[in-house]
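Read-outs: derived from the displayed coordinates by stated rules, not from any lab. This structure is a prediction, so every number in the text was calculated from the model and none was measured. Cβ placement follows ideal geometry from the backbone for every residue including glycine, while neighbour counts extend to all protein chains displayed.
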Amino acid sequence: LQRWEPGKGDPRHARLDAPAECVAASADGAVVLTAGGSKQRLSDPRDPADPFGLAVARWDGRTLRPAGDPLAGHDRQVRALAVSADGRHAVSADADAVIVWNLADGTKVRHAAAARVLSAAFAADGR
């Protein structure tokens, strides 16, 4: 994971143990989320049924250091992420569920069943 800012020197780096399946960032770059490939695991890393964990890792977008506990709640691999424009909420989706998160405290705002979710987004007004 790298962050470049033109005219501000070398990029910042965060090492993931495997390629991230999806990445999302807030409009101001302060919040970065990754799923798959994160060092933040929910289960035993030796478990072949869950090699990367089912968590969404939270990163400080300025330092690329872990920021808080992973967002836990998926039963399947996360395939889509988005962060609201104000950076207060996130949405994550797997093959059969969508979860809206409060990023301030890592709690679920809404958890809904879904089918074949391949992408996620917030409208400009945060909905």
Burial order of peptide ranges 79-89, 61-71 (average beta-carbon count within 10 Å, highest first): 79-89, 61-71
Just to confirm a number: summing +1 for Lys and Arg and -1 for Asp and Glu over residues other than Arg116 whose beta-carbon lies under 11 angstrom from that of Arg116, what do you get? -1
Please report, for the Cα atoms of segment 74-127, the Rg to one decimal and the Dmax as a whole number; what are they, in angstrom? 10.5, 29
